[in-house]
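The values are calculated or read from the model by the stated rules, or taken from the named source; none is laboratory data. All values derive from a computational prediction rather than experimental measurement. Note that we place each Cβ from the backbone using ideal geometry, even for glycine, and neighbour counts take in every protein chain shown.
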Amino acid sequence: MAQDGADCIASRATGWTRCTIPMMRPIAVFGLLVLSVSPGCARPALFMPAAGVDHVMRTMVDPAANLVWAAVVTTVTVDGVQEKFPKTDEEWSGLRNAAAVLAESGQMLKKETRVGNGSDWSRQTESLIAAAAATLQAVAARSPDQILAAGERIYNTCVGCHGGYSAMTPPR
């Protein structure tokens, strides 16, 4: 039986009727909101890393950074100047993929479940993400000069971080 001002849902298949009083909805929503942000409530981790920081660095960051650094090269010899930079769609696509891997690995390294909430670590991971974003912009512009500048940002980020955490793996 419906109450005055109530919304009712009836199911013919199960024979049940559920009525809610409209004023109860905001109260219920407010109660759920309070419970969801209460400091004593344990929430399951949304991100469970499958690999440690060292593994992410060796398998994602290092190869992607090395690809960016090797993408634009100027070699001066007695025979002249040779310039290497991406020319084909496939080469630009590979570089874009490397930049995306750098950006996403920075996001992965930023997660507090990996290292903690150290502000220096957060700054370093944000710097890696920003350098990767600059690389993505340079790829979109197909600009070798911008790739060099973005590569320098990546390098400075790596050196800045590894000066405080661990030794860098030499480029291959």
For this session: Run Asn117 past the list (1) assigned to a helix (DSSP H, G or I); (2) modelled with pLDDT under 95; (3) not β-branched (Val, Ile, Thr) and report the number of the one that doesn't hold.
Result: (1)
Exercise. Of all the residues that make up segment 141-167, how many are of a type in the set (A, V, I, L, M, F, W, C), over 15 Å from Ala64 (Cα atoms) and out of contact with any Phe, Trp or Tyr (no Cβ under 9 Å at 6 or more places or on another chain)?
Worked result: 4
For this session: Scan segment 92-115 and report the pairs whose first residue is more than 16 Å from Ala150 (Cα to Cα) and among the β-branched types (Val, Ile, Thr) and whose second residue is surrounded by 17 or more Cβ atoms within 10 Å (Cβ to Cβ) and modelled with pLDDT under 95, with Cβ atoms within less than 6 Å and a gap of 6+ or a chain change.
Result: Val115/Trp121
For this session: For Thr135, work out the one condition from (1) closer than 23 Å to Gly52 by Cβ; (2) modelled with pLDDT of 95 or more; (3) polar (S, T, N, Q) it doesn't fulfil.
Result: (1)
For this session: From Ala100, Ala141, grab the single residue that is surrounded by 13 or more Cβ atoms within 10 Å (Cβ to Cβ) and modelled with pLDDT of 95 or more.
Result: Ala100
Exercise. Just one of the numbered conditions (1) surrounded by 16 or more Cβ atoms within 10 Å (Cβ to Cβ); (2) modelled with pLDDT of 95 or more is not true of Gln124; which one?
Worked result: (2)
